[in-house]
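Here the structure is laid out as structure tokens; the discussion comes afterwards.
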Amino acid sequence: MSRLIGRAALHAAAALLIAPVLVRAQAGWPSKPITLVVTVPAGGSIDAVARIVGEEMSRGLGTPVLVENRAGAAGSIAAGVVARAAPDGHTVLVSGTNTLTLNPILQKKDENWVDPIKGFAPIGTSSRTNYVLVVGPHIKATTVEEFIAFARRNDGKLTYASSGSGSLIHVATEMFNAAIDVKAVHIPYKGLAPAVQDLLAGRIDYMFDSATLVEQVRAGRVRALAVIGPQPLQAMPELKALSAHGVKGLEVLSGWYGWFAPAGTPPDVVRRLNAELARIVTIPRVRDRMLAQGTEPMTMSPEDFAKRLADDIRRFEPVLKKMGISVY
């Protein structure tokens, strides 16, 4: 009995010695710069939000927060980089809805395919999106109804931009085209920023934008006609939802900007990152800058975000199969 007690005492003493080491290890995060891997080129709305939040996160965590743009394949390149990164909380994916909800359905399951559920640890969201229907300066339509009539007169001749084949904006525009019974030529880009430049130059006729064009709309360089909805957009409250113009069923495509760590990242690190997101989006200057980008601050717990991700995948799959859209 005394020998057993002696062993128990040794184990207890060892645990007491180890505990401070574990605490120090946990407290030692972050131990190096954090890299935010963004799915779009510099200049897009997701990129802007990542940089806005990253600035404050650097202050809050006391370490540099770097932004790395890895555009291409509708966000799958960036997703693959993060999924293969060390699960230590120093590499984070910043993505729009489509990367982990649409791509896994649309893309071929080859060596580049990433499982959206098993490959990542959801951290949370920083904001939600409400896409805006905008037309180029050469399009004279001033209302949704006028644009629909114009598009029908030019069926098959108009061009529209997206942030990439299989992106949420691509799907949204195809659903819009189907709802108004027109066909148009799809021009995919690696992110919204280059698409916006061609829209401003009149090389593209129309597109759905995540409201990166707010300032250009206010300056009269392009015209915004409506939002997907269902909620109004704080940056442009005068715009009604498409459903108010008789175009139904697109509300499902309002999305989010999400943050993900590689699968296997310690839960305490995930929660620390989530707490930083929740803190940062309540800062007035951050909220103002995000609203100026046309995104509205929104946070979710890791558990709620994981559920939202799984629900979105189930919600989009039948829609995509019906439309026959694919990346390959």
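The values are calculated or read from the model by the stated rules, or taken from the named source; none is laboratory data. Predicted model, so just to flag it, every value in this text is computed and none were measured. In this analysis, Cβ positions are derived from the backbone assuming ideal geometry, glycine residues included, and neighbour counts consider all displayed protein chains.
Observations on the model:
- Hits in segment 71-98 - residues which are at pLDDT 90 or above and assigned to a helix (DSSP H, G or I): I77, A78, A79, G80, V81, V82, A83
- Checking each residue in segment 245-274 for being surrounded by fewer than 23 Cβ atoms within 10 Å (Cβ to Cβ), of a type in the set (A, V, I, L, M), at pLDDT 95 or above and not in a loop (DSSP other than H, G, I, E, B) picks out V269, V270.
- Identity of the residue in segment 13-42, farther than 20 Å from R271 by Cα and either in contact with a Gly (Cβ under 6 Å, 6 or more places away or on another chain) or surrounded by 16 or more Cβ atoms within 10 Å (Cβ to Cβ) (or both), that ends up modelled with the highest pLDDT: V38
- The criterion of being part of a helix (DSSP H, G or I) and more than 30 Å from D205 (Cα to Cα) holds for L277.
- Single residue of K183, K118 found to be charged (D, E, K, R), surrounded by fewer than 24 Cβ atoms within 10 Å (Cβ to Cβ) and either at pLDDT below 90 or assigned by TED's automatic domain parsing to the domain that holds N274 (or both): K118
- Residue-level analysis places E145 among those that are modelled with pLDDT of 95 or more and assigned to a helix (DSSP H, G or I).
This table checks each residue for (1) more than 21 Å from L320 (Cβ to Cβ); (2) within 17 Å of the chain's Cα centre (by Cα); (3) of a type in the set (F, W, Y).
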| position | (1), (2), (3) |
| --- | --- |
| A50 | yes, yes, no |
| V65 | yes, no, no |
| E68 | yes, yes, no |
| G72 | no, yes, no |
| I77 | no, yes, no |
| W113 | no, no, yes |
| I117 | no, yes, no |
| T129 | no, yes, no |
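- Here A235 meets the list (1) at pLDDT below 95; (2) in a helix (DSSP H, G or I); (3) over 27 Å from L320 (Cα atoms) almost entirely, failing just condition (2).
- Residue match in segment 203-225 (condition: in a loop (DSSP other than H, G, I, E, B), under 27 Å from P104 (Cβ atoms), of a type outside the set (S, T, N, Q) and modelled with pLDDT of 95 or more): no
- Complete set of residues in segment 187-205 that are within 21 Å of the chain's Cα centre (by Cα) and either surrounded by fewer than 22 Cβ atoms within 10 Å (Cβ to Cβ) or within 25 Å of R153 (Cβ to Cβ) (or both): I187, P188, K190, A193, P194, A195, Q197
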